[in-house]
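Written below as structure tokens is the structure these notes are about.
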Amino acid sequence: MPQGRTYLGDAGFGLSKTVLVPYRGTRYHLKEWANGNARPRTGQELYNRRHAGLRSVIERIFGVIKERFKVLVLGSDFPLRVQVALFPALAVVHNFIRLVDPEDIMSDREIDTWLERHASRSSPSTQYPPIFKDDKGAEASRTVRADLMWTAYHDS
């Protein structure tokens, strides 16, 4: 992975300095937070709630781009360097279309339908062991992040 980058990973990845994963065994899925009065009780719960929210936004972005540009769903025989550049390029095209023709937007219903059809393939699970081992130094870093979030949450 490129240096200086941080990625959001699901529970299948091990925690590292470059991959942020949720705390295992702690409430994670947004459905578990469906009750509007449910508030995080710990820094770990708050971290997981924000991780899940961010992951939901990312999945929604990918869903919109995949629904609009089928090449991302069907696959391609392009060289790897082209495949790596394809998603960002199509995201730019999508944003350009939105700027030029604001009426040409996918409805929330279309996006939700696509996400529901593909959710089972991408839903994180905390019941399986991670693919990679956790980095112990990264655990301390994640704890600091969770503690800072928790402190700011209580101060607001």
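The values are calculated or read from the model by the stated rules, or taken from the named source; none is laboratory data. Bear in mind the structure is a predicted one, so any value in this text is a computation, not a measurement. All Cβ positions, glycine included, derive from the backbone under ideal geometry; neighbour counts span all protein chains shown.
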Elements of type helices (runs of 4 or more DSSP H) contained in the stretch 39-124, each with 3 or more residues being closer than 30 Å to residue 146 by Cα and at pLDDT 85 or above: 43-68
Complete set of residues in the stretch 18-38 that are among the charged types (D, E, K, R) and either modelled with pLDDT under 85 or within 22 Å of residue 152 (Cβ to Cβ) (or both): 27, 31, 32
